[in-house]
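Colleague: One structure, pasted below without further comment.
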Amino acid sequence: MKLENKTAIVTGASRGIGKIIAQTLAAEGASLVCVDLNDCDQTVGEIEAAGGTAVSMSGNVTRLSEMEKIAQAVIDRFERIDILVNNAGVTRDGLILTMPEEDFRLVVETNLFGTFNCTKAVAQQMMFQKSGRIVNISSVASTRGGRGQSNYAASKAGINGFTRSAAVEMASKKVTVNAIAPGVIETEMSQEVVRRAKDTVMDMIPLKRLGKPKDIANMVLFLASDEAAYVTGQIFHVDGGFRG
Amino acid sequence: MDEKEIYEGVKAAIVEALGVEEDEVEANSSLFDDLGAESLDLLDIVFRIEKTFDIKIPRGGIQQDVLSAEGVKEEEVVVDGALTALGAEKLREKMPEADPEKLKEGFRLDDLPTLFTVQTFVNIAKMEIDKK
């Protein structure tokens, strides 16, 4: 197994891509800490039923103090933090002219500040260990933008910049930081986009299918593994060749 | 706790943080020039010292001590990020282990870590331990 004796934290693990990422890492032997605003009991139950190890911890990624408490609880229980997957994210689509300021703020605070908070919370432990893998979930919107997605695109573009800088800062401690930019993935979050414009979306995907959460989880698994030891500061597009 | 014990604790922290051999580390070794530290390593060393001695080292420590000393105004010790003659004198008093030939008027405060030696961290740790 690729992640035996490793401890991984996945944020936003109660559903969608985060849930599949957690299950994929657990299937390779990692002990999973599933973090979400509410509990991740279902994710944890499924991992345990498959013979894996997982715990659920509730917390709001927009609050650094809560993430620091979770990081400490993970260290107390597992003595290590090997992998952090910054997956928690929200959307509040709307045109700039009508978008309430709170919607812009909420999306940036959750997606971008959340990534910063969780990274900061685990950085010291990874530095002590002289090893660590941080994988940030960005988006195809980070480089292409999208109508009604100014908040989301800005937050994800911020994650790309954050990823490159964090990689440089933490490289001397053998902590790698990479991001994955998924295209249109079959999740609750993308249902509305697909419902509105499935044909248009398909025309933009040379591989002619929507992505599955497992497509993203497979890339996370690679980046979290020892095989990716020489990969850092990169943004990986997992999007079926999306041409937006 | 005597200074020898503190020195040994600091040395262990530096050896772990930088991955250097114990015999490479001496009291007057420069963290940057002799031991190859980078800026993140200084934080790593500080965190490890804090853990070893159960103390909290204020971030920006030495500079802050000098800048916020009683009766001294910031503009008297630092102008545009560089030390004044008075600022250099105060810092030399605080850091007798630092090379006095470098710690002169005009020295940029941002470059202060380049003058840190192992003894600098022993002194900082001792100061915080004594406060406990």
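Read-outs: derived from the displayed coordinates by stated rules, not from any lab. Quantities reported herein were computed from a predicted structural model and do not represent experimental measurements. We place every Cβ from the backbone using ideal geometry, glycine too, and count neighbours over all the protein chains shown.
Colleague: Can you tell me the 0 to 90 degree angle between the C-alpha axis of helix B:85-94 and the longest principal axis of chain B, rounded to 10?
Modeller: 20
Colleague: Hey, which lysines would be in cross-link range of B:LYS102, C-alpha to C-alpha under 20 Å, not counting anything within fewer than 8 residues on its own chain?
Modeller: Within reach: B:LYS90, B:LYS94.
Colleague: Report the calculated FRET efficiency for B:THR52 and A:LEU97 (r = Cβ-Cβ distance, R0 = 51 Å), to the nearest 0.05.
Modeller: About 0.35, to the nearest 0.05.
Colleague: Restricting things to alpha carbons, tell me how big segment A:181-244 is in terms of Rg and Dmax, in Å.
Modeller: Answer for segment A:181-244, Rg first and Dmax second: 13.4, 41 Å.
Colleague: Can you give me the three principal axis dimensions of segment B:3-131 from its C-alpha atoms, in Å, biggest first?
Modeller: Result for segment B:3-131: principal-axis Cα extents of 40, 30, 23 Å.
Colleague: Hey, another quick one. In terms of the Cα gyration tensor, with a ≥ b ≥ c the square roots of its eigenvalues, is segment A:162-209 rounded because a/c is under 1.5, prolate because a/b exceeds b/c, or oblate?
Modeller: Here segment A:162-209 falls in the prolate category.
Colleague: Helix-derived [θ] at 222 nm for chain A: sum -39500 (n - 2.57) over DSSP H runs of at least 4, divide by residue count, nearest 500?
Modeller: -14000 deg cm²/dmol
Colleague: On a straight-distance basis, which lysines could pair with A:LYS174 in a cross-link, Cα separation under 29 angstrom, same-chain partners fewer than 8 positions away excluded?
Modeller: Candidates past the 8-residue exclusion: A:LYS2, A:LYS6, A:LYS19, A:LYS69, A:LYS120, A:LYS130, A:LYS156, A:LYS214, B:LYS11, B:LYS51, B:LYS56.
Colleague: Okay, next question. Using +1 on the beta carbon of Lys and Arg, -1 on that of Asp and Glu, and nothing else charged, what's the dipole of the protein assembly as shown about the Cα centre, debye to 20?
Modeller: It comes to approximately 2040 debye.
Colleague: When the helix-only estimate is applied to chain B (DSSP H runs of n ≥ 4, each -39,500 (n - 2.57), divided by the residue count), what is the mean residue ellipticity at 222 nm, nearest 500 deg cm²/dmol?
Modeller: -15000 deg cm²/dmol
Colleague: So the label point goes 7 Å from the Cα of A:GLU79 along Cα→C-beta, right? Which residues of segment A:1-26 then have their backbone N under 20 Å from it?
Modeller: Zone members listed by number: A:3-9.
Colleague: While we're looking at this one, here's another question. With a point put 7 Å past each Cα toward its Cβ, work out how far A:GLU4 is from A:GLU48 in nm, to one decimal.
Modeller: Label-label distance for A:GLU4 and A:GLU48, simple model: 2.4 nm.
Colleague: Select from A:ALA197, A:ALA157, A:ALA26 the residue whose mean-square fluctuation is largest in a Gaussian network model of chain A (Cα-Cα springs shorter than 10 Å).
Modeller: A:ALA197
Colleague: Check A:HIS237: other-chain or 5+ apart residues with amide H under 5 Å from its amide H, H built from backbone geometry?
Modeller: A:ALA181
Colleague: Also: Could you give the distance between the Cα centres of segment A:1-78 and segment B:1-50, to the whole Å?
Modeller: Between the Cα centres of segment A:1-78 and segment B:1-50 lies a distance of 35 Å.
Colleague: Here's another thing I want to ask about it. Taking amide H positions as placed in the peptide plane 1.01 Å from N, state which residues far from A:ASP39 in sequence (5 or more) or on other chains have amide H under 5 Å from it.
Modeller: none
Colleague: I want to check the label-to-label distance for B:LYS132 and B:VAL79. Put each point 7 Å from Cα in the C-beta direction and report it in nm to one decimal.
Modeller: It works out to 4.3 nm between the two label points.
Colleague: Charges at C-beta only: +1 for Lys and Arg, -1 for Asp and Glu. How large is the resulting dipole of segment B:3-131 about its Cα centre, in Debye rounded to 20?
Modeller: 440
Colleague: Additional query: Which residues' amide hydrogens lie under 5 Å from the amide hydrogen of A:VAL85, considering only partners 5 or more residues apart or on another chain, with H built in the peptide plane?
Modeller: A:ILE9, A:VAL10, A:THR11, A:VAL135
Colleague: Work out, step by step, the length gained on full extension between B:LEU86 and B:GLU26: first 0.36 nm times the residue separation, then minus their alpha carbon distance; give nm to one decimal.
Modeller: 18.6 nm
Colleague: Taking a temperature of 10 °C and a viscosity of 1.306 mPa s, what whole-number D in µm²/s does Stokes-Einstein yield for chain A with Rh from Kirkwood over alpha carbon pairs?
Modeller: Using the Kirkwood radius from Cα pairs, D works out to 89 µm²/s.
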